[in-house]
Structure formats: C-alpha cells, structure tokens
C-alpha cells in the first residue's frame with residue numbers, strides 16, 4: 001500500500017471516529033486493494049459498520065470521504081451498513097459480506 005493511501009485511510013478512521021463516536025463499530029478495507037489487483041486508478045472500497053443509519057451519519061460519512069479524496073487524490077468508495085442491514089445481508093449469504101469477512105482488513 002502506498003504511503004498516501006495509508007495516510008488517507010488513517011485519517012479516515014480518525015475522522016469517522018471523531019464524527020460518529022460510539023455509532024461507528026467497524027471500518028474495513030476490501031476489494032481490489034486487499035486482493036492485490038488494484039491499479040493506480042482503482043477506487044478504495046471501505047466497509048463501514050454503524051449502529052443505525054440516519055441522514056446525519058450518511059452525510060457525515062460522505063463529507064469526510066470527499067474531503068479525504070480531495071486531500072490525498074484517492075477515490076474512497078464507502079459501503080455503509082447498520083447492524084440490522086449487516087445481519088440481514090449475512091443471513092442471506094451476500095457475497096459482498098462474505099468477501100469483507102474473508103478478505104477485509106481492519107483499518
């Protein structure tokens with residue numbers, strides 16, 4: 001992982017933790033970045049687990065992600081689930097959830 005991406009992910013974690021507090025449960029990197037197939041033009045897939053969705057939380061996540069995109073010249077693609085959505089997708093055997101659980105790396 002290049003230093004800019006590492007710094008961007010570190011700042012993402014700190015900023016989300018500060019903005020969301022106890023609503024933030026987990027942040028994981030997944031997708032091409034963890035499979036080793038990322039190119040310089042690849043986006044950065046980030047799974048974010050929160051207690052419950054709200055318009056404020058979704059807006060905060062989007063704003064923080066955009067600010068980091070611009071600062072580090074990366075494209076963070078947040079995938080946000082609340083606990084209920086996560087549980088339902090896991091129960092249904094979602095391949096995305098399986099991929100995150102198997103290959104995802106905690107940030």
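Taken together, the values in this text are just the output of simple stated rules run on the coordinates, not laboratory data. Not measured: the values here are computed from a predicted model. FYI the Cβ positions are ideal-geometry reconstructions off the backbone, even for glycines, and counts take in every protein chain you see.
Before moving on, here are some points about what is shown:
- Between residue 105 and residue 35, the simple spin-label model (points 7 angstrom out along Cα→Cβ) gives 1.6 nm.
- Calculated FRET efficiency for the pair residue 75/residue 25, C-beta based, R₀ 22 Å, to 0.05: 0.40
- Based on Cα contacts under 8 Å between residues 6+ apart, the chain shows a relative contact order of 35 percent.
- Considering only Cα atoms, the convex hull volume of the chain works out to 89 Å³ per residue.
- DSSP-defined antiparallel bridges as percent of all bridges, segment 3-106, nearest 5: 55 percent
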